[in-house]
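The structure appears right after this line, and notes come after that.
The values are calculated or read from the model by the stated rules, or taken from the named source; none is laboratory data. These numbers were taken from a predicted model, which means no experiment stands behind them. Backbone-built Cβ (ideal geometry, glycine too); neighbour counts: all protein chains shown. When the accessible area is computed, the model is the full protein with side chains, heavy atoms only, and any ligands, DNA or RNA have been set aside. Shrake-Rupley method; radii C 1.70, N 1.55, O 1.52, S 1.80 Å.
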Amino acid sequence: MSEINHRIRVHTGDVTKLAVDAIVNAANTSLLGGGGVDGAIHRAAGPELEFECRMLNGCKVGDAKLTRGYRLPARFIIHTVGPVWQGGGKGEAELLASCYRRSLELAAANGCRTVAFPAISTGVYRYPKEQATQIAVDTVSAFIGQKAVPETVIFCCFDQQTAELYQQALLRLAERD
Ligand code: ADP
């Protein structure tokens, strides 16, 4: 198994519980909270998070912004905005890859050694899970292959079915390298 595979983990559970340097939020362009993982993160972090988010003037699709983690065990929250799935012909794949890249750039710039990602865009934004998983694994492995930080990336899956998709993609990665 490659060195990169050793730096990627799959975890099944709630990303708000993870004591890592940064968790990533699948936010929307307003950055003011929403449903799904975004709602869970805002509830767990407390109202100070929305106060800081209000000062950020939103976030573009494919981009990311960093805040403190407040009441979360994680030190930072990296808010990224995934694309809404519209059939695949609207640049969704490149925008989703950009979410992972921009989040990792911010993590590296802030000295985050361990970062946890939920499956961005695969909930309300309806990105097909297998395709989204492949993009997540390809983009993260390419990034950490070039950089020493983050040292470890965790794919935090909310359900076992999603975790299995990640395990399969990581197995393909190990076989390829
Ligand atoms: P998006 O709008 O980007 O699709 P969602 O929050 O609707 O974001 O869903 C993204 C993914 O996050 C989904 O796969 C969903 O199952 C998962 N999810 C929801 N809540 C949590 C949580 N607390 N921790 C980790 N993953 C979560």
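Is the C-alpha gyration tensor of region 1-144 telling us rounded, prolate or oblate? Criteria: a/c under 1.5 is rounded; beyond that, a/b larger than b/c is prolate, otherwise oblate. Since a/c reaches 1.5 but b/c is at least a/b, the shape of region 1-144 is classed as oblate.
Spin-label model, GLU3 to ASP159: label points 7 Å out along the Cα-to-beta-carbon direction sit 3.8 nm apart.
Normalised by 2.2 N^0.38 Å, where N is the number of residues, the alpha-carbon radius of gyration of region 88-142 equals 1.15. When the chain is described by a simple charge dipole with +1 on each Lys and Arg Cβ and -1 on each Asp and Glu Cβ, the residue from ALA163, PHE117, ILE4 located farthest towards its positive end is PHE117.
Hydrodynamic radius of region 55-99 by the Kirkwood approach over all distinct alpha-carbon pairs: 11.8 Å. With the helix formula -39500 (n - 2.57) applied to DSSP H stretches of n ≥ 4, the chain reaches a computed 222 nm mean residue ellipticity of -13500 deg cm²/dmol. Taking the 1.4 Å solvent-accessible surface of the chain as the whole, the part contributed by carbon and sulfur is 51%.
As a calculated quantity, the FRET efficiency between ARG54 and LYS90 at R0 = 22 Å, using C-beta atoms, amounts to about 0.15. Fully extending the segment from ARG176 to HIS11 would add 57.1 nm, taking 0.36 nm per residue of separation and subtracting the current Cα-Cα distance. Accessible surface for region 1-134, divided over its residues, is 47 Å² per residue with a 1.4 Å probe. Bridgeable lysines around LYS129 (alpha carbons under 19 Å apart, same-chain partners fewer than 8 residues away excluded): LYS90. Computed over the chain with a Gaussian network model linking Cα atoms closer than 10 Å, the most mobile of SER141, SER103, SER121 is SER141. The Cα center of region 136-177 and the Cα center of region 1-75 differ in position by 18 Å.
Applying a DSSP loop filter and a limit of 10 other Cβ atoms within 10 Å to the GluC sites (Glu not before Pro) in region 30-118 leaves nothing. If both residues of a DSSP beta bridge must be in region 19-82, then about 45% of such bridges are antiparallel.
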